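Enquirer: One structure is given below, represented as structure tokens, and several questions about it will come after.
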Amino acid sequence: MPMCRQLATSYEAGIPILRSLEIVGEQTPNHRVRTVLREMHDSLRAGATLADATQEQSKYLSPYLIQLLATGERGGRLDIMLRDLADYFEDRLKMQRQIVAAMALPIIYLCLGWFFLTFGFMILKATFQTMKRGGVSFSFQTFFRDYVLFQGKAVAVAAAVFAVCVILSRLGLFKWIVSAFSTHIWPFAPVTRRLSLARFMRSFSLLLGSGLRVDHCIESAADVAVNPYIRRELLKAVPLVKDGVALDKAFANTRYLTPTAREMIYMGEQSGNLEAMLRKASEYYLEEATHAVNIMTRFFFVGTLVGVLLFVGYFIIKFYLTLYGGIMDEFGI
């Protein structure tokens, strides 16, 4: 989030937060961000705290950001919180760009596979119909009309599915359905799990550095993980942490946390450098997620290639069976 970086730079330069909000608001090209900063500035000028000013903008600001800014203000560490938030959002943006870049190729393969296979299938169907009618020439105009009509129906089905997804999302059910698929079905599961845990570890590290209690850090960081199934598993550690159980033991029953990550947490607790180890655990999961995406990319590539080869083989076999079958019928064989 560029806003956090600009505020951090201004505030660290010795500019008061009130003036920093004004300067950043004037420089940002985004109308919504400019409005939010102006309203926060007006609230501070009227005597509100930064925590109150950000809470008033909860419709546009994430609870995570609001909580950290309030903690930094109370602890006199606002400059550190702004800088850490800027680092966090930049790391998250970098993570998202890496995943989008890695996922672009599988999506292209799927789209090309869909259009190629459907086009070839309809060519095959039209060719066989022409051969059965005997002597009737192939009409490309008719074929093109049928193909466009077929793709139009496919788009209509996709639009209907999208509408259903929007309705389910409004009801709060969509994330549970999608997460059930992406969390437990290969090859999506390794990517989903590692990305969610990378976000959790990075958020946990940042919240811990803000001075929050460990159980509160786990609760807030679990929300950032997004995936409801992984969040539910991570929250199992909260009652144990409240009872004084060590973090590595508290997370022992969490299905999605790997032994390597638990060992890193243990080393962080023992060395008194848990915040840094959580950040390293986040980097570890991000690297694992990138590797999992590469595997998924190869899987989609091979799957598309196999699908095309099977279709071509089917086309050739069907063509010669139809051709020689017609010849044999002519001779009464």
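The values are calculated or read from the model by the stated rules, or taken from the named source; none is laboratory data. It should be emphasised that the depicted structure is a prediction, and the values quoted were computed from it without experimental measurement. Methodologically, a virtual Cβ is constructed for each residue, glycine included, from the backbone with ideal geometry; neighbour enumeration extends over all protein chains shown.
Enquirer: For a quick check of your reading of the model, give me the residue pairs whose first member lies in segment 86-109 and is modelled with pLDDT of 70 or more, whose second is buried (at least 16 other Cβ atoms within 10 Å of the Cβ) and small (Gly, Ala, Ser), with beta-carbon atoms closer than 7 Å and at least 6 apart or on different chains.
Expert: From segment 86-109, the pairs are ALA86/ALA8.
Enquirer: Still on this structure, I have one more. Give all pairs with beta carbons closer than 8 Å in which a residue from segment 7-26 that is without any contact (Cβ under 8 Å) to a residue 12 or more places away in the chain meets a residue that is in a helix (DSSP H, G or I) and among the hydroxyl-bearing types (Ser, Thr, Tyr); count only pairs at least 6 apart in sequence or on separate chains.
Expert: Sorted first by the residue in segment 7-26, then by its partner, the pairs are ARG19/SER10.
Enquirer: Collect the residues in segment 272-282 that are more than 26 Å from the chain's Cα centre (by Cα) and either of a type in the set (Ser, Thr, Tyr) or in a helix (DSSP H, G or I) (or both), keeping them in residue-number order.
Expert: The answer is LEU274, and nothing else.
Enquirer: The conditions are (1) under 31 Å from the mean Cα position of the chain (by Cα); (2) in a helix (DSSP H, G or I); (3) without any contact (Cβ under 8 Å) to a residue 24 or more places away in the chain; (4) surrounded by 11 or more Cβ atoms within 10 Å (Cβ to Cβ), and TRP186 fails exactly one of them. Which is it?
Expert: The single condition TRP186 does not satisfy is (2).
Enquirer: While we're here: If I ask for residues that are out of contact with any helix residue (DSSP H, G or I) (no Cβ under 8 Å at 6 or more places or on another chain) and either within 21 Å of LEU207 (Cβ to Cβ) or of a type in the set (Phe, Trp, Tyr) (or both), which ones from segment 259-282 would you list?
Expert: GLN270, GLY272, ASN273
Enquirer: Among the residues in segment 194-209, are any part of a helix (DSSP H, G or I) and surrounded by fewer than 15 Cβ atoms within 10 Å (Cβ to Cβ)?
Expert: No, segment 194-209 contains no residue that is part of a helix (DSSP H, G or I) and surrounded by fewer than 15 Cβ atoms within 10 Å (Cβ to Cβ).
Enquirer: Next question. In segment 42-66, how many are in a helix (DSSP H, G or I), farther than 29 Å from THR290 by Cβ and either under 31 Å from the mean Cα position of the chain (by Cα) or in contact (Cβ under 8 Å) with a residue 24 or more places away in the chain (or both)?
Expert: Residues that pass the stated criteria total 9.
Enquirer: With respect to ALA104, determine if the residue is touching a Ser or Thr at 6+ places or on another chain (Cβ under 8 Å) and either within 30 Å of VAL148 (Cα to Cα) or not polar (S, T, N, Q) (or both).
Expert: Criteria not met by ALA104.
Enquirer: Does ASP223 satisfy the criteria of being more than 15 Å from LEU247 (Cβ to Cβ), touching a residue at least 12 places away in the same chain (Cβ under 8 Å), surrounded by fewer than 24 Cβ atoms within 10 Å (Cβ to Cβ) and in contact with a helix residue (DSSP H, G or I) (Cβ under 8 Å, 6 or more places away or on another chain)?
Expert: Against the criterion (more than 15 Å from LEU247 (Cβ to Cβ), touching a residue at least 12 places away in the same chain (Cβ under 8 Å), surrounded by fewer than 24 Cβ atoms within 10 Å (Cβ to Cβ) and in contact with a helix residue (DSSP H, G or I) (Cβ under 8 Å, 6 or more places away or on another chain)), ASP223 qualifies.
Enquirer: Go through segment 244-258 and give me each residue that's touching a helix residue (DSSP H, G or I) at 6+ places or on another chain (Cβ under 9 Å) and of a type outside the set (Val, Ile, Thr).
Expert: Hits for segment 244-258 are ALA246, LEU247, ASP248, LYS249, ALA250, PHE251, ALA252, ASN253, ARG255, TYR256, LEU257.
Enquirer: Also: Has segment 114-122 got at least one residue that is more than 17 Å from CYS217 (Cα to Cα), modelled with pLDDT of 75 or more, exposed (fewer than 14 other Cβ atoms within 10 Å of the Cβ) and not β-branched (Val, Ile, Thr)?
Expert: Checking segment 114-122: at least one residue is more than 17 Å from CYS217 (Cα to Cα), modelled with pLDDT of 75 or more, exposed (fewer than 14 other Cβ atoms within 10 Å of the Cβ) and not β-branched (Val, Ile, Thr).
Enquirer: Does SER58 qualify as being among the hydroxyl-bearing types (Ser, Thr, Tyr) and at pLDDT below 75?
Expert: In short, no.
Enquirer: Under 8 Å between Cβ atoms, which residue pairs at least 6 apart in sequence (or on different chains) link something in segment 229-255 that is assigned by TED's automatic domain parsing to the domain that holds HIS216 and part of a loop (DSSP other than H, G, I, E, B) with a partner that is hydroxyl-bearing (Ser, Thr, Tyr) and exposed (fewer than 14 other Cβ atoms within 10 Å of the Cβ)?
Expert: That search, which allows pairs on different chains as well, returns nothing.
Enquirer: Right, something else. Evaluate segment 257-271: report whether one residue or more is assigned to a loop (DSSP other than H, G, I, E, B), in contact with a Phe, Trp or Tyr (Cβ under 8 Å, 6 or more places away or on another chain), touching a residue at least 40 places away in the same chain (Cβ under 8 Å) and not β-branched (Val, Ile, Thr).
Expert: Checking segment 257-271: at least one residue is assigned to a loop (DSSP other than H, G, I, E, B), in contact with a Phe, Trp or Tyr (Cβ under 8 Å, 6 or more places away or on another chain), touching a residue at least 40 places away in the same chain (Cβ under 8 Å) and not β-branched (Val, Ile, Thr).
Enquirer: Residues in segment 10-41 that are more than 31 Å from the chain's Cα centre (by Cα) and of a type in the set (S, T, N, Q): how many?
Expert: 2
Enquirer: Identify all residues within segment 67-81 that are in a helix (DSSP H, G or I) and not aliphatic (A, V, I, L, M); write none if there are none.
Expert: Hits for segment 67-81 are GLN67, THR71, GLY72, GLU73, ARG74, ASP79.
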